[in-house]
1. Quick one: in the range 157-190, of everything that is touching a Lys or Arg at 6+ places or on another chain (Cβ under 8 Å) and not in a loop (DSSP other than H, G, I, E, B), which residue is surrounded by the most Cβ atoms within 10 Å (Cβ to Cβ)?
2. When you scan the range 135-154, do you find a residue that is within 20 Å of Ser5 (Cα to Cα), of a type in the set (Val, Ile, Thr) and modelled with pLDDT of 95 or more, even just one?
3. Looking at Arg60, Arg9, can you tell me which residue is among the basic types (Lys, Arg) and touching a residue at least 24 places away in the same chain (Cβ under 8 Å)?
4. Among the residues of the range 67-90, which ones are in contact (Cβ under 8 Å) with a residue 60 or more places away in the chain and hydrophobic (A, V, I, L, M, F, W, C)?
5. What number of residues within the range 147-161 are within 16 Å of the chain's Cα centre (by Cα) and of a type outside the set (A, V, I, L, M)?
6. What tally of residues in the range 29-51 results from selecting those that are out of contact with any Leu (no Cβ under 8 Å at 6 or more places or on another chain), in contact (Cβ under 8 Å) with a residue 40 or more places away in the chain and more than 19 Å from Thr68 (Cβ to Cβ)?
7. Of Gly62, Gly48, Gly102, which residue is over 24 Å from Ala122 (Cβ atoms) and either over 13 Å from the mean Cα position of the chain (by Cα) or not aliphatic (A, V, I, L, M) (or both)?
8. Could you run through the range 110-119 and say how many residues are more than 15 Å from Thr163 (Cβ to Cβ) and either buried (at least 22 other Cβ atoms within 10 Å of the Cβ) or not small (Gly, Ala, Ser) (or both)?
Amino acid sequence: MSPDSETLRVYDAMADQYAAVTADAGADPLLAGFIDALPTGAQVLDLGCGPGIIAAHMARAGLSVTATDASREMVALAADSSGVTARLATFDDITEEDAYDGIWANFSLLHAARADMPRHLAALHRALKPGGLLHIALKSGTGAHRDTLGRLYTYYTADELETLLIAAGFIPFSSATGRDTGLSGEMADWIAISAHG
């Protein structure tokens, strides 16, 4: 299934604003834990990398980063980051096998349709080396709807996400929750889970 065209339109039109809103993303303690858990030089996929702020932070920390996004404008920004290989790709374009030591899927798969999530998680499991590390964060809740900017979101409960991860072959081992504002200015609850492949 193709990415939602309205969601991509918003990201292409507001790439610079999104970069400004997420400028401090490198300070995320979950990111620090992810980096610390991987050896120097580890191969990492930043899935739905946005403007590449986190990808650049991981590269500076000594990781080898492939950053993908379905938004051309976001990929253009990410490609400017030293040490980051940025490429235009949808979730369905992740076809590698045993390629990555870690996958960072931070608030990206929430734009996929619920029916497609099992397929996407299975592809990530194949792309991750055995025992590799997955970080996934989504907005928590139920159902799906568009925000005030027009972006489509699918919401998950912690139990639902954990069940999907286990079904895809992952072994969840820690989780975190929070509440933040994003590009639209709306407050939203979120759930993040770390898992081994």
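The values are calculated or read from the model by the stated rules, or taken from the named source; none is laboratory data. Everything numeric here is computed off the predicted structure, so don't read it as measured data. Here the Cβ positions follow ideal geometry from the backbone for every residue, glycine too, while neighbour counts run over all protein chains shown.
1. Only one residue tops the list, namely Trp190.
2. Yes.
3. Working: Arg60 fails: touching a residue at least 24 places away in the same chain (Cβ under 8 Å).
After ruling out the rest, the residue left standing is Arg9.
4. Step one: filter the range 67-90 for residues in contact (Cβ under 8 Å) with a residue 60 or more places away in the chain, giving 70-74, 76-77, 90.
Once the filter is applied, which keeps residues that are in contact (Cβ under 8 Å) with a residue 60 or more places away in the chain and hydrophobic (A, V, I, L, M, F, W, C), the range 67-90 yields Ala70, Met74, Ala76, Leu77.
5. Pass one, the range 147-161, residues within 16 Å of the chain's Cα centre (by Cα): 151-156, 161.
Filter again for of a type outside the set (A, V, I, L, M), leaving 151, 153-156.
Number satisfying all stated conditions: 5.
6. Number of matching residues: 3.
7. Numbers: Gly48 fails: over 24 Å from Ala122 (Cβ atoms); Gly102 fails: over 24 Å from Ala122 (Cβ atoms).
On inspection, the qualifying residue turns out to be Gly62.
8. Looking only at that region, the number is 5.
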